[in-house]
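Here's the structure, in structure tokens; my notes come after.
The values are calculated or read from the model by the stated rules, or taken from the named source; none is laboratory data. Just so we're clear, the structure is a prediction, and the values are computed from it rather than from any experiment. Reconstructed Cβ throughout: ideal geometry from the backbone, glycine too, with neighbour counts over all protein chains shown.
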Amino acid sequence: MSPALPLLLAAFLAGIGTYGVLARRHAVLMLIGIELLLAAAGLILVTVGQFSPDPHASGAVLTLFVITIAAAEIVVALAVIMAMFRTRGEVDLTGEAQPAAPEEQPANSGAGTVTR
Amino acid sequence: MTSRDVLFAAVGLITAAAAVLAVTNRRVLHAGLWLVVSLGGLAGCYLVLGAELVALVQLLVYVGAVVVLVLFALMLTRSGGGEVDTSPAHRWLAAGVGAGMTVLLGGALVAAYGWDTREVAGPGNEHIGEEIFGTWVWPFELLSLLLLAALVTAVAVATTGHSRDRAA
């Protein structure tokens, strides 16, 4: 088969992932864009590994490594997002950089109790 | 056009369409569910390309674990019907950057590999396993350390916000 087809799909996924990262305000939805970017990287690695094989099987092995690193990355990112939700009550990326003022804490802790 | 080409085009179209829906859907849970379809379709693409092991790991790790985590995070962080997208001008700019990314990356990759048909001659599963525990064994062990560190970090970060909340 022609290698152009998977490579074009990878390029399209990378473009969609970039759009998702730039156009989303919800932090978890932005992570979906990052997932698609990593998926595009994996598809390029697998395609190159299948069409021009090397003795170390780098394409497949590196894709497995990328999948593992993506799992670790998403776990830490979601923990940070959950901590952000507990302290601020929302996960809007266009919000103010400063966390909520101390006197607003009781209102936010109400939102925090729901998540427990 | 071989049958493999046709099969890949079909699975790839599903993957691409689901990816578009995952980044444009305004309902957060639906976006997460479209991500499941997209990553599952990508596993199908790996299968068509002949990389069975990578396809199965993709299905297990992404669709089985990562997306479930994302869906739980989406459900836990629901805070009313807030806007999830940026302003239209910002989105048009993002679409321009994304289209530029697609054209540049696609052009460079296709220019490097060309349209002519090649033989799919990837390594077999046995060979991949031998290489992971041979040539790549130290990166592999480091990755297990990374996963442990990520697990501990995630628990620490998540419970830190918790205790501060309780103290307030």
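Tabulated data
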read-out: Any hit, the stretch B:144-159, residues being at pLDDT below 85, under 22 Å from A:ALA71 (Cβ atoms) and surrounded by 12 or more Cβ atoms within 10 Å (Cβ to Cβ); value: yes
read-out: Residue count for the stretch A:17-30, restricted to those that are crowded, with 24+ Cβ neighbours inside 10 Å and in a helix (DSSP H, G or I); value: 7
read-out: Selection from the stretch B:87-107 of residues that are touching a helix residue (DSSP H, G or I) at 6+ places or on another chain (Cβ under 7 Å) and either in contact (Cβ under 8 Å) with a residue 40 or more places away in the chain or closer than 18 Å to A:ALA41 by Cβ (or both); value: B:VAL97, B:GLY98, B:MET101, B:THR102, B:LEU105, B:GLY106
read-out: Which listed residue, of B:VAL110, B:VAL84, is in contact (Cβ under 8 Å) with a residue 12 or more places away in the chain and within 8 Å of chain A (Cβ to nearest Cβ); value: B:VAL84
read-out: Answer residue from the stretch A:28-68, given it is in contact with a Lys or Arg (Cβ under 8 Å, 6 or more places away or on another chain) and hydrophobic (A, V, I, L, M, F, W, C) and is nearest to B:GLU126 (Cα to Cα) among those; value: A:PHE51
read-out: Count of the stretch B:117-142 residues which are more than 7 Å from chain A (Cβ to nearest Cβ) and outside any helix (DSSP H, G or I); value: 4
read-out: Scope the stretch A:13-42; condition free of Cβ contacts under 8 Å to residues at least 24 places away in the same chain, within 7 Å of another protein chain (Cβ to nearest Cβ) and of a type outside the set (Val, Ile, Thr); matching residues; value: A:GLY15, A:TYR19, A:GLY20, A:LEU22, A:ALA23, A:LEU29, A:GLY33, A:LEU36
read-out: Qualifying position, being more than 16 Å from A:PHE65 (Cα to Cα), modelled with pLDDT under 95 and in the same structural domain as B:THR2 (by TED's automatic domain parsing), among B:VAL61, B:VAL70, B:VAL66; value: B:VAL70
read-out: Some residue of the stretch B:33-41 being over 24 Å from A:ALA60 (Cβ atoms), in contact (Cβ under 8 Å) with a residue 12 or more places away in the chain and not basic (Lys, Arg); value: yes
read-out: Residue that is nearest to B:HIS90 (Cα to Cα), among those in the stretch B:40-58 that are surrounded by fewer than 24 Cβ atoms within 10 Å (Cβ to Cβ) and within 7 Å of chain A (Cβ to nearest Cβ); value: B:VAL57
read-out: Filtered residues of the stretch B:10-58 (kept if of a type outside the set (Asp, Glu), more than 21 Å from A:GLY33 (Cβ to Cβ) and more than 14 Å from the chain's Cα centre (by Cα)); value: B:ALA10, B:VAL11, B:LEU47, B:VAL48, B:LEU49, B:GLY50, B:ALA51, B:LEU53
read-out: Any hit, the stretch B:126-138, residues being in the same structural domain as B:VAL23 (by TED's automatic domain parsing) and among the hydroxyl-bearing types (Ser, Thr, Tyr); value: no
read-out: Matching entry among B:VAL23, B:VAL97, B:VAL11, B:VAL68 (being closer than 19 Å to A:GLY15 by Cα and surrounded by fewer than 18 Cβ atoms within 10 Å (Cβ to Cβ)); value: B:VAL97
read-out: The one condition in (1) loosely packed, with under 12 Cβ neighbours inside 10 Å; (2) modelled with pLDDT under 90; (3) not polar (S, T, N, Q) that B:ARG118 fails to fulfil; value: (1)
read-out: A:ARG86 being of a type in the set (D, E, K, R), closer than 22 Å to B:VAL152 by Cα and facing another protein chain (nearest Cβ under 7 Å); value: yes
read-out: Pair list, Cβ under 8 Å, 6 or more apart: the stretch B:128-143 residue of a type in the set (Ser, Thr, Tyr), other residue in a loop (DSSP other than H, G, I, E, B); value: B:THR135/A:HIS56
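Condition check ((1) of a type outside the set (A, V, I, L, M); (2) more than 21 Å from A:ILE16 (Cβ to Cβ)) across all residues:
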position	(1), (2)
B:ALA19	no, no
B:ARG27	yes, no
B:GLY32	yes, no
B:GLY64	yes, yes
B:ALA73	no, no
